[in-house]
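A short worksheet on the structure shown next.
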Amino acid sequence: MDTPSIALIFPHPLGDSILFLVLGNNLQRNGYKVTYYSNYIAQMQEWFPDVDIKPYPKPNTLSEVASHFDLVIGTPSSLRPYDNPEAAASDLAQRYVIMTYGKHMEHEFKFDHSERIRTKIVDAEVAQKLIHIANISGVCLSRAYGRDFPLAEKFVQLCKKVMQLDNVINDCGITAPSHLIHRKYPRRVIVHPISNEAVRVWPREKFIKLATRLSKDGWEPVFCMAPGERAAWEKELNDRFLLPEFPTINDLASFIYESGFMIGNDFSIGHLSSTLLIPTLTIRWRSNFRSRPCWVLGKIVTPPRIFPKRYRRDCWRKLISVRRVTRAFNSLVREFSSQAA
């Protein structure tokens, strides 16, 4: 019996890419030959020694890439740029297994791939297994299994209940390179003060005050951000705190892996630090249980709930003080130390 081959075309955001690793890892654990397509994850190849990882295909080449696999799985936004950006949803749905994040897109991308798989795969046992995998077609990840599961756990439930995989765990399959030591610098705190969306960013001056307070308490805050965001922050930090460069995601992951804690206001890098088992504190206007990182102890700082929801949403930057974040960080440290003891 030939090993079924599956290509995963990862979503573009870093956080969503990390979540997709749960799906890929469980397919691997159940005997499928899986190839990852992701510019971010391709930079971390040495963390996945047993997986074939490639950058995204060139535009308009996905059909040719797909011809080498039994199934291709992705999301609308991860597939369209490499197929035909003008392709109708129904056309994409017939050729690829597509999951969505938007509830209004479920019916657009749902398709029964059974006949296509049976026509392509001669071995009836292999075909039936792939049909189970393809049953995730049209699944809306934001709605599946309600609000009680974080997204990573939703992937686990899909693997068990829809794809009918036997050997399923909530794990990304990451293996740290042997030269790295986990939490080698336990007092080092990575401060990630930016986000893809400006509305999610806690004030710059508050991050600097937080870092100053942490430094006085004996911690070693280190600021971390993408190369294009460094210029403005270099002036603000004025050599008071380290601001190392990370040319690749691999460099960033290595630095995170050897640090003690992470503080930021975006779940994307929080998912990366969490899967590397680095406790993470996230500053946000709401907790958003569904999207939170969940592989290690973490906390989310939100405005006091005594304020109305609309006021918390519109004024959260003012309502979350440096003191409130410091208290939450100290609480995270205590809880993590207690667990580790």
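Where a number appears in this text, it was derived from the coordinates with a stated rule and is not lab data. Small disclaimer: the values here were computed from a predicted structure and weren't measured. Note that we place each Cβ from the backbone using ideal geometry, even for glycine, and neighbour counts take in every protein chain shown.
Looking at (1) under 17 Å from the mean Cα position of the chain (by Cα); (2) in a helix (DSSP H, G or I), find the lone condition where Arg313 falls short.
(1)
Across the stretch 311-341, which residue is surrounded by the most Cβ atoms within 10 Å (Cβ to Cβ) among those that are over 19 Å from Pro279 (Cβ atoms) and charged (D, E, K, R)?
Arg312
Taking helices (runs of 4 or more DSSP H) that fall entirely within the stretch 28-132, which contain at least 3 residues that are free of Cβ contacts under 8 Å to residues at least 60 places away in the same chain, touching a strand residue (DSSP E or B) at 6+ places or on another chain (Cβ under 8 Å) and at positive phi?
In the stretch 28-132, no matching helices (runs of 4 or more DSSP H) lie anywhere.
Exactly one of (1) assigned to a loop (DSSP other than H, G, I, E, B); (2) in contact with a Ser or Thr (Cβ under 7 Å, 6 or more places away or on another chain) is unmet by Arg305. Its number?
(2)
Considering only residues that are within 15 Å of His12 (Cα to Cα), of a type in the set (D, E, K, R) and surrounded by 16 or more Cβ atoms within 10 Å (Cβ to Cβ), which ones fall in the stretch 55-79?
none
If I filter the stretch 199-209 for residues that are over 25 Å from Leu21 (Cα atoms), assigned to a loop (DSSP other than H, G, I, E, B), out of contact with any Asp or Glu (no Cβ under 9 Å at 6 or more places or on another chain) and free of Cβ contacts under 8 Å to residues at least 40 places away in the same chain, do I get at least one hit?
no
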